[in-house]
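Working notes, beginning with the structure itself.
The values are calculated or read from the model by the stated rules, or taken from the named source; none is laboratory data. In this text the structure is predicted, and so the values were computed from the model without any measurement. Virtual Cβ from ideal backbone geometry, glycine too; neighbours counted across all protein chains shown.
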Amino acid sequence: MEYNFREIEKKWQEYWNAHKVYQVKEDESKPKYYVLDMFPYPSGAGLHVGHPLGYIASDIYSRYKRLCGFNVLHPMGYDAYGLPAEQYAIQTGQHPYITTRKNIERYREQLDKIGFSFDWSREVQTCDPAYYHWTQWAFIQMFNSYYCYDAQQARPIEELIEAFEQVGAKPLHAACSEEYTFTAGEWKEKSVCEKQKILMNYRIAYLGDTLVNWCSTLGTVLANDEVINGLSERGGYPVEQKMMRQWCLRVSAYAQRLLDGLDSIDWTESLKETQRNWIGRSEGAEMRFKMKDSPVEFTVFTTRADTVYGVTFMVLAPESELVDLLTAKEQRSEVEKYVEAAKKKTERERMADKKVTGAFTGSYAVNPVTGEAIPVWVSDYVLAGYGTGAIMAVPGHDSRDYAFAKHFNLPVIPLIEGCDVSQESFDAKEGKLINSPQKGKEKEGSLVLNGLEVYQAIAKTKLYLEEKGLGKVKVNYRLRDATFSRQRYWGEPFPVYYDANGMPQPVPLDKLPLKLPDVDTFLPTETGEPPLGRAEKWAWDSVNGQVVETWRIDNITIFALERNTMPGFAGSSAYYIRYENPRNGKALVDKKANDYWGNVDLYAGGAEHATGHLIYSRFWNKFLYDSGVIKDEEPFRKLINQGMIQGRSNFVYRINNSNTFVSLNLKNGYEVTPLHVDVNMVHNDILDREAFRNWRPEYKTAEFITEDGKYICGWTVEKMSKSMFNVVNPDNIVEKYGADTLRLYEMFLGPLEQSKPWDTNGIDGVHRFLKKLLALFFGHTDSVNVSTDKPAADELKSLHKLIKKVTFDIEHFSFNTSVSAFMICINELTALKCNKREIVEPLLILLSPFAPHIAEELWHGMGNKTTIVEAQWPRCKEEYLKEDVITYAVSFNGKTRFNMELPAGTARQDAEKAALTHQAAAKWLDGKTPKKIIVVPNKIINIVI
RNA sequence: GCUCGGAUGGUGGAAUGGUAGACACGAAGGACUUAAAAUCCUUUGGCUAUUGCAGCUGUGCGGGUUCAAGUCCCGCUCCGAGUACCA
């Protein structure tokens, strides 16, 4: 009897595959459960041990739910569009499709080896035209919709046109980039082209001039979540702000719903918090300022309306359109110089540069409350993209304004009683107001704030502003619209052409998918157009409704197609819906399929997608919900984040100027250089010296100074990467120990959510557990040997303890403790020499989600004809868990003195009596009568003397 | 700066307010073996005992609540993650 995991695992993987064991379809007789993993981007490096962590956890949960009688949808696919494949294509000329397909094959091979219960018949790939058909379709739906604030949902754009025709723009509450006030009459007067331009301002997918994150090295724009600390997430290249005409998604219209929806879903608090911060709701007021010497007006946003008496200057963002309007003649050259300098700086430089800079525009605004004239400045500490791109500066109570005021010698007015602003500003929102007109001494109708608490003063000022028509209460969100164009080849083409007026028109729905054309090279064109600009034979014939391979300038029915492609998150925003009905050529999802499967019950993936994918998906889902395509408003009901698996690097210590290596604990006597060594040559920190000598030619003659005949390596925790030689592929582990050991070990490593370094130091213990399990089944024979005898009480107890623990742990995603529970149970049963069928059969069912291959093998070895997948999860019977005797810890004045065993079910009074009359008690009682006795059933008896 | 986590043996980590350190690794000792591997047994937080069966101490630090605190409350220290000229 030997644990031949290679044979066992191969056998059952082939069996499951051949018998389509994990394929599911809608089944009204069973409750559904949808378990989803974030689908991987198939990179060239293949899967490493960090990837399967979440997959194993969700697979355990899927298998568990299946055994509990649920119809479980557990699909997998690939996020196949992405930058690395394109960059590889630029270098090698190989089409990204080829590399992507190759990588997918490798991923599939690796995944198959681990024994997941995916329904591969539902696989999707985002680069497959049959899939991106529906990405393009959704885009057109967004193009043809606007967001109505009254209905709080997306509505067809035709309804907006109708409203314009009847009442004009002013009374409507619709999400837009710029407010319009035209009347119904004025609307009707407008040309077709003008109307199109106005509608663009309202569409949910719109073409707009926006400030974008431009990364010149990558040659593309990036979304906010793709920029980290002013550098591109991919590659770490500098990013600058640039005004560009781009496709955008009006995500901001959904800000409030995205925020509110968080309360209805079961995600970790930290992830919800991250999204709340990203959405960044802030309540405040918009205040209108008039200029002293010109008719121009502008508004600012503030959360501290109460500080209006402390405004000593105004600041405009350098990119603000107001700069040009408000700059006085004599200051023009200085301001222009400043704005130019600011524009040249990248986002990162601006952040790094904490120096205070700015320029005076030479003009003055009028404080709407006091009537005083206040100077208007330009400075890059004010952002064009947030609020109105202009602020009222209150140096007394805002540290940034304070720094600016001190630098340019502007006055600082304290507004809170007792605060000291001689060294720094007082930013806290607390205290009593001063320095506004005194009650009784104020002019008629002026705003009196003195003596009020800050929150009262804010409320009063808002009210005052609204009454006097000087401003309005306003909620601002940090969440901005998503830029949706990428100047890249390897992405979904926009289903859009530009008509004779240069206006974008959607490709008719029945002509989708609009396929990605071939190009000769994947670089931008010489004229700076995106790579698709090289597709010369790629145009749209609007009369015949098809892609044509010709450019005929004289024929006005042949139009240019959009040359940008969609970003990475386009394909990943609704893939979970497509899994429900993946081969449907008529719709994204059939209504019946979606009614049955609904949203994702459990979503497993990394927390790094908090502000990207997980926001976009929620937005996309809400849009589809508004459009009546799907039935649930939130895509992912419960979300678990697996931690990151870091690399555990190993070092050898070379004695300087020699080829001799000294073991870790002996290195102190020498001058040594630590060198990274491939972790695959190290086991339990002991170096395989032969493998090391063969690793590289220069180590061929290496000498070792060992301890007890072993060379011990040093170690440290780093990111898993090729250059550190610490990448561990799951294949190696599967080859050496088997998939079941890998699965159990990854779970045993620690709590799922926690980031932890990968080390194989404990893997033997898990492997040993499986061997013990086999020993229990086989005894000393070569075939499975189970007895049909009735189990004894202690055997039943051991099993039911396990059922209770494992069921509880799986429900709470505490997989590491359930693996421990299996080990305890097997140790107990081994000690009892128990191989009784009534015990080991349920045990195998419990184990099957964790180690499906060996469980299946033994299940069949016992004579079962069906697969273990069809078994039923065992129920825990509490009556087997009852203790005969209960151990009480008896303590005196809180100190435990002795343990005492009493029969289960002993009455409280009898327990008290027994504790006092116990022979050991006399020592502490010392003849005294106790003041108080506390009996905690099953636990402790505390006697207070 | 702000927000959210975390701190328990040599290591990974267990502990609904109720005997802290489950389980596993590693280490030490032993059995089997010509030997090794494999397997099995014993010990393993620290200190004091160990011809004394036990005692003391102990969950980052300082307080508090409680009969009882790793767990709850207050105040620190350190570490990690996210986010940031957001007005």
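Of note:
- Residues that are within 26 Å of A:Glu453 (Cα to Cα) and of a type in the set (Phe, Trp, Tyr) were ranked within region A:299-345; the one that is nearest to RNA strand B (Cβ to nearest atom) is A:Phe301.
- Condition met for A:Tyr364 (more than 8 Å from RNA strand B (Cβ to nearest atom), in a helix (DSSP H, G or I) and either of a type outside the set (D, E, K, R) or over 20 Å from A:Glu283 (Cα atoms) (or both)): no
- The one condition from (1) surrounded by fewer than 18 Cβ atoms within 10 Å (Cβ to Cβ); (2) near RNA strand B (Cβ under 10 Å from one of its atoms); (3) small (Gly, Ala, Ser) that A:Ser294 does not meet is (2).
- For region A:740-759, residues that are away from RNA strand B (no atom under 14 Å from the Cβ) and either over 27 Å from A:Ile824 (Cα atoms) or within 28 Å of the chain's Cα centre (by Cα) (or both) total 2.
- Filtering region A:378-391 to residues that are more than 7 Å from RNA strand B (Cβ to nearest atom), part of a strand (DSSP E or B) and not small (Gly, Ala, Ser) leaves only A:Val378.
- When residues of region A:1-21 are limited to those that are of a type in the set (A, V, I, L, M, F, W, C) and in contact (Cβ under 8 Å) with a residue 40 or more places away in the chain, the one farthest from A:Phe778 (Cα to Cα): A:Val21
- Any hit, region A:129-141, residues being farther than 21 Å from A:Arg578 by Cβ and among the hydrophobic types (A, V, I, L, M, F, W, C): no
- Screening region A:259-270 for residues that are in contact (Cβ under 8 Å) with a residue 60 or more places away in the chain and closer than 18 Å to A:Glu608 by Cα and picking the one that is farthest from RNA strand B (Cβ to nearest atom) gives A:Asp266.
- Failed item in (1) closer than 22 Å to A:Pro852 by Cα; (2) modelled with pLDDT of 90 or more; (3) over 33 Å from the mean Cα position of the chain (by Cα); (4) more than 10 Å from RNA strand B (Cβ to nearest atom), with A:Lys790 passing the rest: (1)
- Residue in region A:564-574 that is loosely packed, with under 12 Cβ neighbours inside 10 Å and in contact (Cβ under 8 Å) with a residue 12 or more places away in the chain present: no
- With respect to the conditions (1) outside any loop (DSSP other than H, G, I, E, B); (2) at pLDDT 75 or above; (3) not polar (S, T, N, Q), A:Trp873 falls short on a single one, namely (1).
- First in region A:594-611 and within 24 Å of A:Asp225 (Cβ to Cβ) and assigned to a loop (DSSP other than H, G, I, E, B), second anywhere and within 16 Å of RNA strand B (Cβ to nearest atom) and aliphatic (A, V, I, L, M), Cβ under 6 Å, 6 or more apart: A:Ala610/A:Leu271
- Some residue of region A:141-151 being touching a helix residue (DSSP H, G or I) at 6+ places or on another chain (Cβ under 7 Å), assigned to a helix (DSSP H, G or I) and either under 17 Å from A:Gly208 (Cβ atoms) or not aliphatic (A, V, I, L, M) (or both): yes
- Flag: A:Thr781 matches the condition of being more than 7 Å from RNA strand B (Cβ to nearest atom) and either modelled with pLDDT under 85 or hydrophobic (A, V, I, L, M, F, W, C) (or both).
- One residue stands out among those in region A:665-689 that are modelled with pLDDT under 80 and more than 16 Å from RNA strand B (Cβ to nearest atom): the one that is farthest from A:Val652 (Cα to Cα), which is A:Gly669.
- Helices (runs of 4 or more DSSP H) contained in region A:249-338 and holding at least 2 residues within 16 Å of A:Arg480 (Cβ to Cβ): A:255-261, A:269-279
- Taken as a whole, the structure places A:Pro171 among residues that are free of Cβ contacts under 8 Å to residues at least 12 places away in the same chain and not hydrophobic (A, V, I, L, M, F, W, C).
- Close pairs (6 angstrom Cβ cut-off, 6 or more residues apart or separate chains): β-branched (Val, Ile, Thr) in region A:212-227, outside any strand (DSSP E or B) and within 16 Å of RNA strand B (Cβ to nearest atom) anywhere: A:Val227/A:Val239
- Pick from region A:707-727, criterion within 15 Å of RNA strand B (Cβ to nearest atom) and crowded, with 16+ Cβ neighbours inside 10 Å, ranking: modelled with the lowest pLDDT: A:Trp715
- Enumeration of residues in region A:457-504 that are among the acidic types (Asp, Glu) and without any contact (Cβ under 8 Å) to a residue 60 or more places away in the chain: A:Glu466, A:Glu467
- Filter result for A:Lys515 (modelled with pLDDT of 90 or more, of a type in the set (Lys, Arg) and out of contact with any helix residue (DSSP H, G or I) (no Cβ under 6 Å at 6 or more places or on another chain)): no
- Whichever residue in region A:823-838 is out of contact with any Asp or Glu (no Cβ under 7 Å at 6 or more places or on another chain) and of a type in the set (D, E, K, R) and, among such residues, is nearest to RNA strand B (Cβ to nearest atom): A:Glu828
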